[in-house]
Amino acid sequence: MIELFFPEAAQLVIEDVQMLGEKLYTYARGRSVTAKCPVCQTQSDKTHSRYQRHPQDLPCFGFRVQLHIIVRRFFCQNDRCGRLTFAETFPELLGYKARRTQRLSRQQLTVAFAVSGESGRCLLSSLAMPLSGDSLIRDIRRAPGEKMVTPRVLGIDDWAQRRGHTYGTILVDLESRQPVDLLNSREAEDVTAWLKQHPGVEIISRDRGHDYAKAASDGAPTAQQVADRWHLLKNLREAVATMLSHQPAALAAAAEVDEGEEVGNGDTKDIEGGQTTVTAESIEAISASVQQPTTKAERDQAARHARRQARFEMIKQLHKKGYSNRAIGRHLGMSPRTVRKCIEADVCPQYSTGRVRPSKLTPWLPYLEERWQAGYTNANQLWREIEAQGFAGSRGLVSRWAAKERKLLPQSTQYVANNRGKCAPN
Ligand SMILES: [Zn+2]
């Protein structure tokens, strides 16, 4: 009856089964009287010696099962074979030197893949198939991976090995939503090489950076490149923010419509809706009075200035009408303290544009600028140079400075600089 549990080509004869404590001990020996030499394939029936193996097996009725197998060692009877002796094997049941049967290992591996190391250890312990978490992880690492099929729709993005320090590239099959590969670098050449080794990608979803665009063009020239959803939304948000920053009057008008809903919270004297008609006109007047800006940065700055000035005038007007600082603050979404500062000031407080706070990098700026002008735009290299001279700041400080400088370069040279500099996140 117990032999029903050993259907593996009936290689074993079960001789005894004993229950000791919580464990079922199964004593067995090889069924065949001969065995084949693994070198010359000659059958031999001349026994040299016997020894025991004690592998764990699948549990039975909730009890752990341990096999005691008597294994015979045979003489090779082929005079021309270099092997003198060999042991009989049970390849269907037990691997070479294995301490677990193959069927037990398969079950444990299934659990390891489902719940991973430590959770797997707890689960397997209660299933009478105990194994340490480390062994489960080792099994996962040894398990042969599924053969990767080149995805039709491929997603490419950065992947942080150590966030802020080391980045690689993650490649994801966007149809099965499974990662297909991790590259240790995000260099365009490495991604290009991968794409050339895996032809057949039809659509590549990527970020807005130049590196992956170049890699996709070089490695899979026939594939269609699309921006991924996150970057599309980022593009949209930035475009809307830029557009709205140029329409201060429209923003103020929209804010006025909402006034009736926002005020009236029961302070001693709240602001009634529709009374503060100063905003739209004043913003337009302010915008018109400011010298016409030319660059985008100047236009943005002028818009911000106009918004601050209009708000300042509104605070003054409401204060004159007798509203409390708190009511004004609630109405405009400012703290009462900021409202008080505005009321006490004669002119609208402005922040100087070039508020440069001294940093650890400040003393090194002349040197860096000189090197930059000479064409050395690799932030890492620059950091190493000044570090050797005594700079105690981080590599990121230099990277951020370089990124700012790079934005000032003409569009056509930005890509080259980006490639050399390697510090733009996208
Ligand atoms: Zn042999």
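The values are calculated or read from the model by the stated rules, or taken from the named source; none is laboratory data. It should be emphasised that the depicted structure is a prediction, and the values quoted were computed from it without experimental measurement. Methodologically, a virtual Cβ is constructed for each residue, glycine included, from the backbone with ideal geometry; neighbour enumeration extends over all protein chains shown.
Observations on the structure shown:
- Residue in the range 128-140 that is surrounded by 17 or more Cβ atoms within 10 Å (Cβ to Cβ), assigned to a strand (DSSP E or B) and touching a strand residue (DSSP E or B) at 6+ places or on another chain (Cβ under 7 Å) present: no
- Which numbered condition residue 88 fails, given (1) within 16 Å of the ligand (Cβ to nearest atom); (2) among the charged types (D, E, K, R); (3) in contact (Cβ under 8 Å) with a residue 60 or more places away in the chain: (3)
- Single residue of the range 41-56 satisfying the filter (surrounded by 15 or more Cβ atoms within 10 Å (Cβ to Cβ) and under 52 Å from the mean Cα position of the chain (by Cα)) that is farthest from the ligand (Cβ to nearest atom): 56
- Matching residues, the range 86-103, being closer than 13 Å to residue 131 by Cα and surrounded by fewer than 20 Cβ atoms within 10 Å (Cβ to Cβ): 99
Okay, residues lined up against (1) within 16 Å of the ligand (Cβ to nearest atom); (2) in a strand (DSSP E or B); (3) modelled with pLDDT of 95 or more:
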{"residue": "4", "(1), (2), (3)": "no, no, no"}
{"residue": "10", "(1), (2), (3)": "no, no, no"}
{"residue": "14", "(1), (2), (3)": "no, yes, no"}
{"residue": "26", "(1), (2), (3)": "no, yes, no"}
{"residue": "32", "(1), (2), (3)": "no, no, no"}
{"residue": "39", "(1), (2), (3)": "yes, no, no"}
{"residue": "58", "(1), (2), (3)": "no, yes, no"}
{"residue": "65", "(1), (2), (3)": "no, yes, no"}
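For every residue, the table says whether it meets (1) modelled with pLDDT of 95 or more; (2) loosely packed, with under 14 Cβ neighbours inside 10 Å; (3) among the aromatic types (Phe, Trp, Tyr); (4) outside any strand (DSSP E or B).
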position: 112; (1), (2), (3), (4): no, no, no, yes
position: 120; (1), (2), (3), (4): no, no, no, yes
position: 156; (1), (2), (3), (4): no, no, no, no
position: 161; (1), (2), (3), (4): no, yes, no, no
position: 171; (1), (2), (3), (4): no, no, no, no
position: 179; (1), (2), (3), (4): no, yes, no, no
position: 201; (1), (2), (3), (4): no, no, no, yes
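- Residue that is under 30 Å from residue 394 (Cβ atoms), touching a helix residue (DSSP H, G or I) at 6+ places or on another chain (Cβ under 9 Å) and not assigned by TED's automatic domain parsing to the domain that holds residue 397, where the choices are 237, 186, 163: 186
- Residue within the range 327-342 that is farther than 20 Å from residue 408 by Cα and polar (S, T, N, Q) present: yes
- Of the residues contained in the range 80-102, none is found to be touching a strand residue (DSSP E or B) at 6+ places or on another chain (Cβ under 8 Å), in a loop (DSSP other than H, G, I, E, B) and outside the structural domain of residue 19 (by TED's automatic domain parsing).
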